[in-house]
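The values are calculated or read from the model by the stated rules, or taken from the named source; none is laboratory data. Not measured: the values here are computed from a predicted model. We place every Cβ from the backbone using ideal geometry, glycine too, and count neighbours over all the protein chains shown. Note: accessible area is taken over every heavy atom of the protein model, side chains too, but ligands, DNA and RNA are not part of it. Shrake-Rupley method; radii C 1.70, N 1.55, O 1.52, S 1.80 Å.
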Amino acid sequence: LAQAVSFCSCTPRPPRRSSMASARRILFLGETGDGKSELAVALSHPDLGLQPFPKVRREATKEIDTIRGKEIDGRPLELIDSPGFGSQRLSLVQLIAGVEKELVEGVDDVSVTIPITNGRLKLGCQVVAFLLHTGCGGDLRAWEHVILCGTKSDRAEDGDHSFFYDSVVPEFFRAPLEVGLHIRTAVTGKAAPQCLDVQSLESAFASFQPAHRLVYHPIDIHVLSSFLAEQLGVDPAIVAKELQHARCQSQPQPVPLPLLRASTRMHGPPFLDQPTMTMPGQEAAPAVSHLVGMQLQHQQDSQYDFNHQHPQPQQQQQQQQQQR
């Protein structure tokens, strides 16, 4: 043990290549089945260019997940994959609460995916535009952190690419284009079966190096619930109640520590109560710590006379009578 401690304290640790704190955080948002997970998997591959990727089922992402990506310009990517808008496993309100949590923590880029064959902005793009405009306080420079990525270009027909750049892109970036801000777009698609071309998206990342992360503040619950109620056609009060609950659920909950209790019967160290597992139809047994069980077994195996050390009242009377 002494040699191991000496080795650990004297041997210098190899420097870390990079830390997640310095990683470039990219949040993927879009409709269900738009190809967000495919892009995240492709960007996690260490090579550049055409990326092989496993087949991803439709609506495969059940919750917001973070994976480590490759390095671009010497900076590793932290890829945040999210369920799609319109997911059957997660309500829109719950998804927005999780997305806001990631935005508050800070992201460098927001990649909004839309199939290039859609030809129009759907609910996902409208929600993203509202979140950026309202949560960033109307600061149009927030749009510099956004990339509109047209996916599934291999399925495009004649005129889809031109319509994407001439109609969809100007409509989505209307506010920043009016003031002449720089916008970023990308087009991705399969170059071969199970081979995704993400060179355009990588170039979009490399074309803009953010000096700071996106500054986002949670939107007032009444403002956000009114917008969502209008989109969904429901009562704003119901949306506000669900949004409040979803925001509370998305916050990290403190983990209660086990209570430290000292045994009054045993002359040993304190012990921790262990949970007891029961089978269906079986009564729960009293919780007994593993440490106490070991102490009891040790007493049973020991040859030491505990009765002589701690005599009972009846034995004391017998000893006194013998002495008399």
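A few remarks follow.
- Rg over Rh, two decimals, region 76-176 (C-alpha only, Kirkwood Rh): 0.97
- Most tightly packed first, judged by the mean number of other beta-carbon atoms within 10 Å of their residues, the peptides 73-79, 148-154 read 148-154, 73-79.
- Long-range tail of P(r) for region 136-225 (Cα pairs > 17 Å, %): 61
- Trypsin sites (Lys or Arg not before Pro) within region 101-140, DSSP loop, no more than 10 other Cβ atoms inside 10 Å: 120
- In this simple spin-label model, placing a label point 7 Å from the Cα along the Cα-to-Cβ direction at both residue 89 and residue 66 gives a separation of 2.0 nm.
- Residue 235/residue 120 FRET efficiency (R0 25 Å; Cβ-Cβ; nearest 0.05): 0.35
- Subtracting the Cα-Cα distance of residue 22 and residue 322 from their residue separation scaled by 0.36 nm leaves 99.8 nm.
- Candidate residues 242, 230: accessible-area rank, largest first, probe 1.4 Å: 230, 242
- Potential lengthening of the chain between residue 211 and residue 171 amounts to 11.7 nm, from the contour at 0.36 nm per residue minus the alpha-carbon distance.
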